[in-house]
Structures are given as structure tokens and as C-alpha cells.
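Nothing in this text is a laboratory measurement; each read-out follows from the coordinates by a stated rule. It should be emphasised that the depicted structure is a prediction, and the values quoted were computed from it without experimental measurement. Don't worry about glycine lacking a Cβ; one is built from the backbone with ideal geometry, like all the others, and counts go over all protein chains shown.
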Amino acid sequence: MSFEACAQLVEKADPLRFRVAMAAPVPARQILFPLYAFNIEVARAPWVTQEAMIAEMRLQWWRDALEEIAQGKTPRRHEVVDALAGCLDREGAVCLDGLVAARRWDIYKDPFEDRAHFDEYINATSAHLMWTAARLLGPADEAVVRDFACGVGTANIFQAVPALQAQGRVPLMDGSENGIVQLASQGIVRLDKAASARKDVSKQASAALVAGYHARPVLRMVQATPERVLADALDTNPARDSLRFLNVSLRGWWR
């Protein structure tokens, strides 16, 4: 029942990753759905309250749950935690703890301290999740997965910029058109670097990387027309998006 609850949560709250999980082999879904459900719960924790202390407590609750899993203890009862405990090992729990810690930035309205802080946030919120999924699914080179995931995370934050700014956050180090283009270009460099080493990611682990199928078109769109970011105009054509998803699912995440 906990696995079914995770699948239902992902279907409702994260349609992109639901599509990815459903396209994966059935055994892979037992890993992807709990991880994606966990990511939803953690990502929304800072936004369900205006009280910073309560948001901190919500994130700490998930860190405590991960610590219980890492230590091999019987974890607290929760549908997502139950499913997570069934697929996560100690290394995965420690890695995901870093994801939860990074989400503390979402609680407050301070900008990123510097580019290194921004990169750490992208690595933790995007690459920790994708690497954990890939590692649990099959053999993969961590650096390759993280390069790809950081490119994906850059595309994701571009899509979230208007909503984040509406909540008083400062998601970009340089919000000028030139700064946006540079950031998009760096994201594409990470995608290309990962694609050049795609042989180092097994077919089994590749199921986790399909979740980044949308990143390259988004980054290219930002490169060409950076004003789309602030105008909240990065939506892709649904038919074209579906075709790309099919292509990536069948031919490989590096497409």
C-alpha cells in the first residue's frame, strides 16, 4: 500500500517523473516511485507554511527519518518512509540527507551567497536524487550522472524562476539576459559532457536519467531567447514534448 501511495502522489504532484517511472521496467518502479514521492514531500515542505521554524521542523522530520533508515532502525510510520525504507541503503540515505539540508534555502529569502553556493544547491537538489536512483538501479559512473543531473537542475530552476520570484526568492546569481544565457550554456556543457561518456551508465541505471529528457530543449530555448525565463514562457509544445520523451525513452537519455 505504501508503494501505491507513492505512485499516486507522484502522479498527482509530478507528472513528468510519473511518466518517466511508468516508462521504466516494472522492477525499477519499486525504486523510482518511493524516491520521487520523497522528493515531492521534501520540496514542498518549505512552502506549506509562512513560519520558518515550522518549515525547519518539517525538513528535520525527514532528516530524522533518513537517519533511522541509515542506521538500520525501524523507521517512523509514514507511507513514503515505509516505501523508502524498502529500497534505500545507508549510502542512499546519507546522500538524500544532503538533499533535504539544501532545501533549507527555500525557506528563507536570502540570495545565494556566490556561484559555488548556487552550484551546491543544484547538485544537492537535482544530482543527489538522480544519482541515488541510478546507483540503486544499476552500475553507473557517478560523475557522469551528476554532470547530466546538474544540467537538468539548471533547466528546472529556469522553469521555476517566476514562481520563486513571486515568493520573494532570488534564484539566479545574475538575472540579466547575458547572465541567463551564460548559465544556460554551462548547463548544456554539463549535458554534453555526460553524453560523451554515456557508455559509463548501464542500461538499468539509465532509467533514472530519462527524467531529464526535457532539459536540453529548455536550455536551448533559454540560450536563444533568455527573456522567456522572466516572462514564464518556457513551456514546450505538448506534442513535441511527447515525441521527445518517446525518443529518449527508446534511444537513450543523451538525446
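Brief remarks on what is shown
- Lys, Arg +1 and Asp, Glu -1 on Cβ, resulting dipole of segment 1-108 about Cα centre, debye, nearest 20: 160 debye
- Integer Hz, Karplus 6.51/-1.76/1.60 couplings in order for segment 18-35, x for Gly and Pro: 4, 4, 4, 5, 5, 7, 7, x, 3, x, 5, 5, 5, 9, 5, 5, x, 5
- Overall form of segment 55-177 per C-alpha gyration tensor (a/c, 1.5; a/b vs b/c): oblate
- The charge dipole of the chain, taken about its Cα centre with unit charges on the Cβ atoms of Lys, Arg (+1), Asp and Glu (-1) only, comes to about 860 debye.
- In segment 112-163, a dipole from Cβ-located charges (positive for Lys and Arg, negative for Asp and Glu) runs towards its positive end, and of 150, 128, 138 it is 138 whose Cα lies farthest in that direction.
- From phi via Karplus (6.51, -1.76, 1.60), per-residue ³J(HN,Hα) for segment 190-197 in Hz, x at Gly/Pro: 5, 4, 5, 4, 5, 4, 5, 10
- Local electrostatic count, residue 188, Cβ distance below 15 Å [Lys/Arg +1, Asp/Glu -1]: +3
- Partner aspartates and glutamates whose Cα lies under 13 Å from the Cα of residue 73, excluding those fewer than 8 positions away in the same chain, are identified as 64, 82, 89.
- Estimated vicinal HN-Hα couplings, Hz - segment 218-226 in sequence order (Karplus 6.51, -1.76, 1.60; Gly, Pro = x): 5, 5, 5, 4, 5, 4, 6, 9, x
- Listed by chain and number, the aspartates and glutamates placed with their C-alpha closer than 18 angstrom to that of residue 109 are 51, 56, 119, 120, 174; residues fewer than eight positions away on the same chain are left out.
- Fewest-first ordering of 74, 225 by other beta carbons within 10 Å of each residue's beta carbon gives 74, 225.
- Given their separation in residues at 0.36 nm each and the Cα-Cα distance between them, residue 91 and residue 22 gain 22.3 nm when the chain is fully extended.
- Gain on full stretching of the segment that runs from residue 223 to residue 108 - 0.36 nm per residue minus C-alpha separation: 38.5 nm
- In this simple spin-label model, placing a label point 7 Å from the Cα along the Cα-to-Cβ direction at both residue 50 and residue 12 gives a separation of 2.5 nm.
- Multiplying the residue separation of residue 193 and residue 163 by 0.36 nm and subtracting their alpha-carbon distance yields 7.8 nm.
- Model label sites at residue 1 and residue 73, defined 7 Å from Cα along the beta-carbon direction, differ in position by 2.5 nm.
- Within the set [x] 18.0; [y] 18.5; [z] 19.4, the number that Kirkwood radius over Cα pairs in Å takes when calculated for this structure is listed as [y].
- Take every Cα pair under 8 Å whose residues are at least 6 apart in sequence, average their separation, divide by the length of the chain, and the relative contact order is 18 percent.
- For segment 1-69, applying the loop criterion from DSSP together with a ceiling of 12 other beta carbons within 10 Å to the GluC sites (Glu not before Pro) yields 51.
- The modelled label-to-label distance between residue 170 and residue 101, using points 7 Å beyond Cα along the C-beta direction, is 2.4 nm.
- Scanning residues 5 or more positions from residue 201 or on other chains, those with amide H under 5 Å from its amide H are 141, with H placed 1.01 Å from N in the peptide plane.
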